[in-house]
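FYI, it's all coordinate maths here, none of it is from the lab. These numbers come from a predicted model, not from an experiment. Every residue, glycine among them, receives a Cβ derived from its backbone with ideal geometry; neighbour counts consider all protein chains shown.
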């Protein structure tokens, strides 16, 4: 019997507003003490009323447009009731009946399209830290503005689940609506997995793995659930619909609670917040602020930059923005290729790459570096050396050419000067045997002679030009 997996994913994206969704408290609690960013609204002091943060509406529009979604002019909030220590109000303010973001789709690098059912605004819950005999509650995260993105069950492999989550992360980061810090929970994934017999018109019983915060964990959890559920069905047993936790160390899921359905939450309209009415003009104005997306960069650079290199660089919006600036400035594909390779193979290999991303050289300086390499003023090795020196604080304010000169790396390209150096080397007794060997047909000795010229020029001669001169003189 062949079983086909079906996966749907709910993604919670923390919006990077300055203040929370329903209060004027600092929204960025990274590095702060527990319960330091909390207001009476957050811990549900009686009589405290929520006040909607307008910036969250603007971010939601950008997020929706990044996913090719329809933005609904009318939306409203609802109360989702559940009792848990991380939710002081006893309910979560969310959008159930009328979400702000309608249907859309996300295209994976493979070309597969995953449909988006909808995405809605809501306030986040707090955080519980569990110990052996007690748990601690941190309310810093309460009412952090979220959009919850709900996919259709269009994913049928662990690899596509991984790629969908990664592409979603890219879209939200490029749109500028989130910090995208997975470690700190800026994006979290709830993964619903089911398996059914091939050809079945009915989906199998699903399980939900909660709060995954890495793409690899998503892929591993889906792989595990597919195997686990398949084994149960093959043994004639039933899959239980339940919420599961994921243990990264053991690579296994474990039951947390039975899976709730909508009726369990007793949804009702939020009485303290009026409905949201957006004009088409407002939606169009905010949508126009969407910057270039990964798909735009793939369309622009897909024929220029190697596929693997491009997919690596797409994880870094700062680098793609810089490549686009260089492309607009010089219009030369060769410049984009050279700098993209330096970004991928040199910059990202550095220990301080995360720090360097915040202070990239100007597009003009990088374009000059590419130009000097093209003109053979810098060798490949020298180009890499100058590139890394651009990030040295002591080199701040110096242009590309000045850095290259201070490092003594500019190659000698004057053919007259190079010919004189070659003549000097060929007159030396220690090169006579190599000259005779080359004339006798031993090609490899040309490397020795080029090396002697490089030594004589203190490394400044252009090796390619030197070899051409040597071959002519030894012919």
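With the calculation restricted to Cα positions, what are the radius of gyration and Dmax of segment 415-474 in angstrom?
Rg, Dmax (Cα atoms, Å): 10.3, 29.
Extension gain residue 129-residue 299, at 0.36 nm per residue separation less the Cα-Cα distance, in nm?
56.7 nm
Given a cut-off of under 8 Å on Cα pairs at least six residues apart, what relative contact order in percent is computed for segment 3-282?
Value for segment 3-282: 24 percent.
Using the beta-carbon distance between residue 284 and residue 74 and R0 = 25 Å, what value does 1/(1 + (r/R0)^6) give for FRET efficiency, to the nearest 0.05?
Plugging the Cβ-Cβ distance into 1/(1 + (r/R0)^6) gives 0.95.
Taking neighbour Cβ counts within 10 Å as the exposure measure, how do 307, 81 sort from fewest upward?
Listing 307, 81 from fewest to most nearby Cβ atoms yields 307, 81.
Given a cut-off of under 8 Å on Cα pairs at least six residues apart, what relative contact order in percent is computed for segment 415-474?
39 percent
Could you state the per residue volume, in Å³, of the convex hull enclosing the Cα atoms of segment 395-444?
Dividing the Cα hull volume of segment 395-444 by its residue count gives 124 Å³.
Mind giving me the nanometre distance, one decimal, between the label points for residue 202 and residue 254, set 7 Å out from Cα along Cα→Cβ?
With each label placed 7 Å out from Cα toward Cβ, I get 3.3 nm.
Calculate the spin-label point distance for residue 35 paired with residue 325, positioning each point 7 Å from the Cα along the beta-carbon direction, and give it in nanometres.
Distance between the two pseudo-spin positions: 4.5 nm.
With the radius of gyration and the Kirkwood radius both derived from the Cα set of segment 129-238, what is their ratio Rg to Rh?
1.04
Between residue 419 and residue 444, what FRET efficiency follows from the Cβ-Cβ distance if R0 is 25 Å, with the result rounded to 0.05?
0.60
Starting from 0 in steps of 5 Å, tell me what percent of the Cα-Cα pairs of segment 292-395 lands in each bin.
2, 12, 26, 26, 21, 10, 3, 0
Run the Debye formula on the Cα coordinates of segment 237-320, all scatterers equal and no solvent, and tell me log10 I(q)/I(0) at q = 0.25 1/Å.
Result of the Debye calculation: -1.21.
Output the 0 to 90 degree angle, nearest 10, between the alpha-carbon long axis of helix 317-330 and the longest principal axis computed from the alpha carbons of the chain.
50 degrees
Using per-residue counts of other Cβ atoms within 10 Å, averaged over each peptide, order 277-287, 416-426 from highest down.
Ranked from most to least packed, the peptides come out as 416-426, 277-287.
To test your reading of the geometry: what angle, between 0 and 90 degrees and rounded to tens, separates the Cα axis of helix 446-456 from the longest principal axis of the chain?
The helix 446-456 is inclined about 90 degrees to the chain.
How far apart, in nm, are two points set 7 Å out from the Cα along the Cα-to-Cβ line at residue 184 and at residue 55?
So the two model labels end up 1.4 nm from each other.
If you fit an axis through the alpha-carbon atoms of helix 215-234 and take the longest principal axis of the Cα set of the chain, what angle between them do you get, 0 to 90°, nearest 10?
Once rounded, one gets 60 degrees.
Just for the Cα atoms in the chain, what are the lengths along the principal axes, largest first, rounded to whole Å?
Projected onto its principal axes, the Cα set of the chain covers 95, 56, 49 Å.
Would you mind checking segment 289-325 for residues with the amide N under 12 Å from a putative spin-label position 7 Å along Cα→C-beta of residue 345?
Backbone N within reach: 306, 309.
Between residue 83 and residue 232, take the C-beta separation as r, use R0 = 30 Å, and let me know the FRET efficiency to the nearest 0.05.
So the FRET efficiency works out to roughly 0.45.
Relative contact order, percent, of segment 60-117 when contacts are C-alpha pairs under 8 Å separated by at least 6 residues?
About 36 percent, as a whole number.
When you count, for each residue, the other Cβ atoms within 10 Å and take the mean per peptide, how do 393-401, 192-200, 16-24, 56-64 rank with the highest first?
Result, highest mean first: 56-64, 16-24, 192-200, 393-401.
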